[in-house]
Amino acid sequence: MARHSDTSAPSSPGRTVSAMLIDADMNNPLTAQTAVFAALVQLAESHPDLPGAYITTSQITPSEAHVLLDSPADLEAWRQATHTDALDVQLKDLRGENQLLFTAPVGRITLKVYTLFVPAPAAVGA
(Lines give C-alpha, C1' and ligand atoms only; values in the text may rest on other atoms or scores of the structure.)
Protein backbone atom coordinates (compact mmCIF):
# COMPACT_ATOMS: atom_id res chain seq x y z
CA MET A 1 0.00 0.00 0.00
CA ALA A 2 1.43 3.38 -0.97
CA ARG A 3 1.81 5.99 1.75
CA HIS A 4 2.53 9.67 1.51
CA SER A 5 5.35 10.76 3.79
CA ASP A 6 5.29 14.03 5.67
CA THR A 7 8.88 15.16 5.90
CA SER A 8 8.00 18.27 7.92
CA ALA A 9 7.58 16.23 11.10
CA PRO A 10 10.51 14.59 12.89
CA SER A 11 10.74 10.85 12.67
CA SER A 12 12.61 8.24 14.61
CA PRO A 13 15.48 6.45 12.88
CA GLY A 14 14.29 3.87 10.39
CA ARG A 15 10.68 5.03 10.55
CA THR A 16 8.87 7.23 8.05
CA VAL A 17 6.31 9.70 9.36
CA SER A 18 3.04 9.19 7.54
CA ALA A 19 -0.36 10.82 7.46
CA MET A 20 -1.76 7.30 7.45
CA LEU A 21 -1.17 4.56 9.98
CA ILE A 22 1.90 2.50 9.34
CA ASP A 23 1.86 -1.29 9.37
CA ALA A 24 3.42 -1.41 12.85
CA ASP A 25 0.42 0.51 14.22
CA MET A 26 -1.91 -2.16 12.86
CA ASN A 27 0.07 -5.15 14.09
CA ASN A 28 -0.64 -5.10 17.82
CA PRO A 29 -1.52 -8.68 18.72
CA LEU A 30 -4.72 -9.54 20.54
CA THR A 31 -2.69 -9.85 23.74
CA ALA A 32 -2.20 -6.05 23.64
CA GLN A 33 -5.91 -5.78 24.41
CA THR A 34 -5.92 -8.14 27.41
CA ALA A 35 -5.91 -5.24 29.88
CA VAL A 36 -9.27 -4.11 28.46
CA PHE A 37 -10.75 -7.58 28.75
CA ALA A 38 -9.41 -8.05 32.29
CA ALA A 39 -10.77 -4.68 33.43
CA LEU A 40 -14.20 -5.47 31.98
CA VAL A 41 -14.22 -8.87 33.71
CA GLN A 42 -13.31 -7.23 37.01
CA LEU A 43 -16.03 -4.59 36.54
CA ALA A 44 -18.63 -7.28 35.73
CA GLU A 45 -17.63 -9.37 38.74
CA SER A 46 -17.69 -6.36 41.08
CA HIS A 47 -21.03 -5.10 39.69
CA PRO A 48 -23.02 -8.12 38.46
CA ASP A 49 -26.18 -6.03 37.91
CA LEU A 50 -24.42 -3.49 35.69
CA PRO A 51 -26.44 -3.04 32.46
CA GLY A 52 -25.04 -4.75 29.38
CA ALA A 53 -23.43 -2.65 26.67
CA TYR A 54 -22.10 -2.62 23.15
CA ILE A 55 -18.34 -2.52 23.80
CA THR A 56 -15.58 -2.05 21.25
CA THR A 57 -11.82 -2.02 21.50
CA SER A 58 -9.20 -1.73 18.81
CA GLN A 59 -5.72 -2.92 18.02
CA ILE A 60 -4.84 0.72 17.33
CA THR A 61 -5.82 1.85 20.85
CA PRO A 62 -5.48 -1.39 22.83
CA SER A 63 -5.84 0.22 26.27
CA GLU A 64 -9.14 1.93 25.47
CA ALA A 65 -12.72 0.68 25.19
CA HIS A 66 -15.82 2.45 23.93
CA VAL A 67 -19.00 1.58 25.82
CA LEU A 68 -22.35 2.36 24.15
CA LEU A 69 -25.33 2.12 26.48
CA ASP A 70 -29.08 2.00 25.84
CA SER A 71 -30.23 4.84 28.11
CA PRO A 72 -29.23 7.64 30.46
CA ALA A 73 -30.20 5.34 33.36
CA ASP A 74 -27.68 2.75 32.14
CA LEU A 75 -25.03 5.47 31.86
CA GLU A 76 -25.74 6.49 35.44
CA ALA A 77 -25.22 2.91 36.62
CA TRP A 78 -21.86 2.76 34.80
CA ARG A 79 -20.89 6.18 36.19
CA GLN A 80 -21.47 4.96 39.72
CA ALA A 81 -19.68 1.64 39.11
CA THR A 82 -16.60 3.44 37.76
CA HIS A 83 -16.66 6.01 40.60
CA THR A 84 -16.86 8.86 38.10
CA ASP A 85 -17.93 12.23 39.47
CA ALA A 86 -21.30 13.45 38.14
CA LEU A 87 -19.61 16.71 37.14
CA ASP A 88 -17.44 14.74 34.69
CA VAL A 89 -20.48 13.70 32.62
CA GLN A 90 -20.86 15.82 29.50
CA LEU A 91 -24.02 16.56 27.53
CA LYS A 92 -23.69 17.20 23.81
CA ASP A 93 -26.29 17.99 21.16
CA LEU A 94 -25.88 15.87 18.02
CA ARG A 95 -28.36 17.12 15.41
CA GLY A 96 -31.49 16.66 17.49
CA GLU A 97 -30.20 13.79 19.61
CA ASN A 98 -28.46 14.24 22.91
CA GLN A 99 -25.33 12.40 23.92
CA LEU A 100 -24.27 11.87 27.51
CA LEU A 101 -20.67 10.78 27.91
CA PHE A 102 -17.80 10.43 30.31
CA THR A 103 -14.30 9.02 30.33
CA ALA A 104 -13.23 6.79 33.21
CA PRO A 105 -9.85 5.27 34.04
CA VAL A 106 -10.28 1.66 35.17
CA GLY A 107 -7.00 0.08 36.17
CA ARG A 108 -4.60 0.45 33.23
CA ILE A 109 -7.32 1.21 30.68
CA THR A 110 -9.66 4.04 29.76
CA LEU A 111 -13.38 3.60 29.21
CA LYS A 112 -15.23 6.07 26.99
CA VAL A 113 -18.84 5.60 28.05
CA TYR A 114 -21.77 7.17 26.24
CA THR A 115 -25.44 6.95 25.31
CA LEU A 116 -27.57 8.70 22.70
CA PHE A 117 -31.17 9.70 23.33
CA VAL A 118 -33.88 11.94 21.93
CA PRO A 119 -34.79 14.64 24.44
CA ALA A 120 -38.30 14.52 25.85
CA PRO A 121 -40.56 17.26 24.50
CA ALA A 122 -41.11 20.18 26.84
CA ALA A 123 -44.32 19.96 28.85
CA VAL A 124 -47.03 22.27 27.61
CA GLY A 125 -48.88 24.16 30.32
CA ALA A 126 -52.69 24.22 30.36
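The values are calculated or read from the model by the stated rules, or taken from the named source; none is laboratory data. Quick caveat, the model's predicted, so the values are computed rather than measured. Every residue, glycine as well, gets a Cβ built from its backbone with ideal geometry; the counts of neighbours run over all protein chains shown. These area figures cover heavy atoms from the full protein model, side chains too; ligands, DNA and RNA do not enter into them. Shrake-Rupley method; radii C 1.70, N 1.55, O 1.52, S 1.80 Å.
Backbone amide hydrogens, once placed in the peptide plane, bring N98 within less than 5 Å of F117, V118, excluding anything fewer than 5 places away on its chain. For region 61-126, the ratio of Cα radius of gyration to the globular rule of thumb 2.2 N^0.38 Å stands at 1.28.
Rolling a 1.4 Å sphere over the protein heavy atoms, what is the accessible area per residue of region 63-114, to the nearest Å²? Working shown, then result.
Numbers: 3030 Å² over 52 residues.
Using a 1.4 Å probe on heavy atoms only, each residue of region 63-114 averages 58 Å².
Rounded to the nearest 20 debye, the dipole magnitude of region 81-122 is 160 debye, with +1 charges on Lys and Arg beta carbons, -1 on Asp and Glu beta carbons, and the Cα centre as origin. Coupling constants for region 56-62 follow from the phi torsions by the Karplus curve (6.51 cos²θ - 1.76 cosθ + 1.60, θ = phi - 60°), and in residue order they are 10, 9, 9, 5, 7, 10, x Hz; glycine and proline get x.
When the surface is traced with a 1.4 Å probe over the full set of protein chains, D49 keeps roughly 150 Å² accessible. Size descriptors for region 29-75 (Cα atoms only): Rg and Dmax, in that order, 11.6, 35 Å. Where the only charges are on Cβ atoms (+1 Lys, Arg; -1 Asp, Glu), what is the dipole of region 38-126 about its Cα centre, to the nearest 20 debye? With Lys and Arg at +1 and Asp and Glu at -1, about 220 debye.
If Lys and Arg each add +1 and Asp and Glu each add -1, what is the summed charge of the other residues whose beta carbon sits under 15 Å from the beta carbon of L111? Spell out each step's value before the answer.
On the way: positive: R79, R108, K112; negative: E64, D74, E76, D85, D88.
Taking every Cβ under 15 Å from that of L111, the sum is -2.
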